[in-house]
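Read the structure below first, then the notes.
Computed from the coordinates by the stated procedures, all read-outs in this text should not be read as laboratory data. Quantities reported herein were computed from a predicted structural model and do not represent experimental measurements. Reconstructed Cβ throughout: ideal geometry from the backbone, glycine too, with neighbour counts over all protein chains shown.
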Amino acid sequence: MSRLVVISNRVAVPSKDASANQGGLAVALLSALRERGGIWFGWSGETTEHFTGEIHRAEGDGVTTATIDLEEQDIDEYYNGFANRTLWPLFHYRIDLTEFERDFEGGYKRVNARFADTVRPLIGDDDLVWVHDYHLIPLGARLRERGVTNRLGFFLHTPWPPSRLLVSLPSHKRLVEALFAYDVIGFHTEDWLDSFHRYVVDMMGGTFDEDGCVVVGSRRVRAIVAPIGIDTAEFEAAAVSPEARFTMERMQMSSTGRSLMVGVDRLDYSKGLRERFLGYERFLHNHPDRRGLVYLLQVAPPSREKVNTYQEIRADLDALSGRINGEYADMDWVPIRYVNQGYPRPQLAGIYRAARVALVTPLRDGMNLVAKEYVAAQDPQDPGVLILSSFAGAAAQMTDAVLVNPYSAEELADAIDQALSMPRDERRRRWQALIAGVRREDVFWWCDLFLGELAAVKVPVTG
Ligand code: G6P
């Protein structure tokens, strides 16, 4: 079996693995690499005054990480700039929040070239190279320029936006052309794949060959759907660990007789936290009899704090949670416990298991692994109810959740009411269908599916 080289901007540090603020992607990649072995290359998360390309190697859990420091200007222009002020909002359909700055593009180009220069010597002849996410779209092309002829895969963990949104990016053509340096490209859902294909056909004159690959001029690429999963067995075990039990008891003691609803998200405008709070407020307004009998624990570790839109959403949520609590709280009850920190995974599993309802209601999300973790953590005899946004990639697989339009406060309020009143038989029926999928299509299945396609590529593209 060929060795695997994974490249992503964010690399999970095994000791920090516990914390929720790393995002599901890093945790999933860590599980996949632990099982298969290989090298994981990316940014160290640190800055340096002058870029040297020095590689920090670390070993742990069968995974070798190799990371580099970046300059302050790189982080401003590439990470906080093009990746998180331009591509992230644009790919999540938030053109109103998208900033277009040439300097950002310069930084994006420079850092992708820096990644290519430093990772190049680590790539052996037979390695499978797998690049992840919007930070590194041009990396494949930069590696080809440096003589890499290996099979190269790329996975996008965000949505792929409809063409009419994507064309607002001045360099949209260059960005998409760069994807043709890869052999296989993966998306989480048919929707994102269709949008990609449609762009290539409409804007680049692409056609399909007999193998279903999309062809533009002399280049062809196979684009596939491969929905990412979690390490289900590990998470199910975490949910019955002593630490999870202790957390569950702590939650139950602090709220005797009340139903817990939980939300766990990086503090990001794409997660629909504002709309979720408003939906919950509507529920409290519509159901005076339920006040005092339910509460929402919203765990929201801060994220990308240098980016103004993230500072704004944080200030909005501070104000909104304060307003709702001020309006509805009583001397012995607070409707929202709003917490800006992450929890170690066993504790998180305990929180999920204690929760009667999970609210996973992003406005737009490539996948969303919290939905899968919540399901994996439930007690099979008395499972809770997952309320899931139909605009999360996860909704394509998890059709037995209570699916909602997260923009509608009324729908959210009704879904909360439905979930809290749902009889045990129905909860069990829905949960059994959900857990079967979460077990079957776990992170290892995802990894095998994508790498199987990549390994099957006969003649790697070298152009
Ligand atoms: C999303 C992205 C990942 C990213 C994660 C955490 O899941 O798709 O690429 O790593 O968010 O964000 P951060 O900016 O902290 O890496």
Legend entry - Between helix 409-421 and the chain: long-axis angle, C-alpha atoms, 0 to 90°, nearest 10: 60
Legend entry - Principal-axis tilt of helix 308-328 within the chain, Cα atoms, nearest 10 degrees: 10
Legend entry - Mean ellipticity per residue at 222 nm, deg cm²/dmol - from DSSP H runs of n ≥ 4 across the chain, formula -39500 (n - 2.57): -12000 deg cm²/dmol
Legend entry - Cα-only radius of gyration and Dmax that characterise region 232-440, units Å: 15.9, 47
Legend entry - the chain: antiparallel DSSP beta bridges as a percent of all, rounded to 5: 20
Inset, instruction - Give the relative contact order (percent, whole number) for the chain; include only Cα pairs under 8 Å separated by 6+ residues. - result: 16
Inset, instruction - Please determine, in degrees from 0 to 90 and to the nearest 10, the orientation of helix 424-440 with respect to the longest principal axis defined by the Cα atoms of the chain, where the helix direction is its Cα long axis. - result: 20
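Find out how many positive minus negative residues lie around LEU412, taking Lys and Arg as positive, Asp and Glu as negative, among other residues whose Cβ is under 11 Å from that of LEU412.
On the way: positive: ARG276, ARG282; negative: GLU275, GLU281, GLU410, GLU411, ASP414, ASP417.
With Lys, Arg at +1 and Asp, Glu at -1, the neighbours total -4.
Enter the per residue convex hull volume of the chain, computed from alpha-carbon coordinates, in Å³ rounded to the nearest integer. The partial results should precede the final answer.
On the way: hull volume 64.2 nm³, N = 463.
Spelled out: Cα convex hull of the chain, divided by residues, is 139 Å³.
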Inset, instruction - Multiply the residue gap between ALA233 and GLN341 by 0.36 nm, knock off their C-alpha separation, and tell me the result in nm, one decimal place. - result: 36.3 nm
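So how much slack lies between ARG258 and ARG291, counting 0.36 nm per residue of separation and subtracting their Cα-Cα distance, in nm? Mind dumping the intermediate values first?
Working: separation 33, 0.36 × 33 = 11.88 nm, distance 0.98 nm.
Full-extension gain reported as 10.9 nm.
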Legend entry - Relative packing of peptides 27-39, 287-299 - highest average C-beta neighbours within 10 Å first: 27-39, 287-299
Legend entry - Cβ-placed point charges (K, R +1; D, E -1), dipole of the chain about Cα centre in debye, nearest 20: 340
Legend entry - Linear extension gain, PHE208 paired with ALA456, 0.36 nm per residue minus alpha-carbon span: 87.5 nm
Legend entry - Computed magnitude of the charge dipole of region 80-170 (debye, nearest 20; Cβ of K, R +1, Cβ of D, E -1): 140
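Could you order the peptides 422-432, 375-385 from most to least packed, using the average number of other C-beta atoms within 10 Å per residue? Can you show the working numbers first?
Details: 422-432: 14.0, 375-385: 20.1.
Output ranking for 422-432, 375-385: 375-385, 422-432.
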Inset, instruction - Could you work out the relative contact order of region 232-440, using alpha carbon pairs under 8 angstrom and six or more residues apart, expressed as a whole percent? - result: 27
